[in-house]
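All remarks here apply to the structure that follows.
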Amino acid sequence: VQLQASGGGLVQAGGSLRLSCAASRSIFRFPVMGWYRQPPGEQRELVATITSGGTTTYADSIKGRFTISRDNGKNTVHLQMNSLKPEDTAVYYCNAKASLQPTVNYWGQGTVVTVSS
């Protein structure tokens, strides 16, 4: 599976961006889709996940500001990011867990989000 992330860019603090992740094939049966991010000089961290049933989880740092959604018909996952802060600056990666047992992970190439103060 190939994942193509898009939608990153430069935005001022308080602004919004919508990231998209397009998969090369059906994600209907993928148990979990998610977004991770890697701030400059730091390790990759979880941002948000969504299960095949629509259950979502969010990192505490972005709760109430970001929303993850999933369109199985279009094989896409979105991350709506509102009230952006400079500390949200990072490379954002789309992740697909095609299987949990055993774990089978796919990663997109990353899209850069820069939030200026």
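The values are calculated or read from the model by the stated rules, or taken from the named source; none is laboratory data. Quantities reported herein were computed from a predicted structural model and do not represent experimental measurements. Every residue, glycine among them, receives a Cβ derived from its backbone with ideal geometry; neighbour counts consider all protein chains shown. Calculation scope for accessible area: heavy atoms of the full protein, side chains included, ligands and nucleic acids excluded. Shrake-Rupley method; radii C 1.70, N 1.55, O 1.52, S 1.80 Å.
Run the accessible area of the chain with a 1.4 Å probe and give the carbon-and-sulfur part as a rounded percent.
That fraction is 48 percent.
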For residue 80 paired with residue 112, estimate the spin-label separation in nm (one decimal), with each label point 7 Å from Cα along the Cα-to-Cβ line. 2.8 nm
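How far, in nm, would the chain grow between residue 10 and residue 69 when pulled straight, counting 0.36 nm per residue and subtracting the alpha carbon separation?
Here the answer is 19.0 nm.
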Per-residue HN-Hα couplings for region 103-108 [Karplus 6.51, -1.76, 1.60; θ = phi - 60°; Hz; x = Gly/Pro]: 6, 10, 10, 10, 10, x
For region 39-89, the charge dipole (Cβ of Lys, Arg +1; Cβ of Asp, Glu -1; about the Cα centre) points to a positive end, and the Cα of 84, 62, 49 closest to that extreme belongs to 49
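Let me spell out the model: positive unit charges on the Cβ of Lys and Arg, negative unit charges on the Cβ of Asp and Glu, origin at the Cα centre of the chain. What dipole size does that give, in debye rounded to 20?
Its charge dipole is roughly 340 debye.
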Just to confirm, what accessible area per residue do you get for the chain at 1.4 Å probe, in whole Å²? 52 Å²
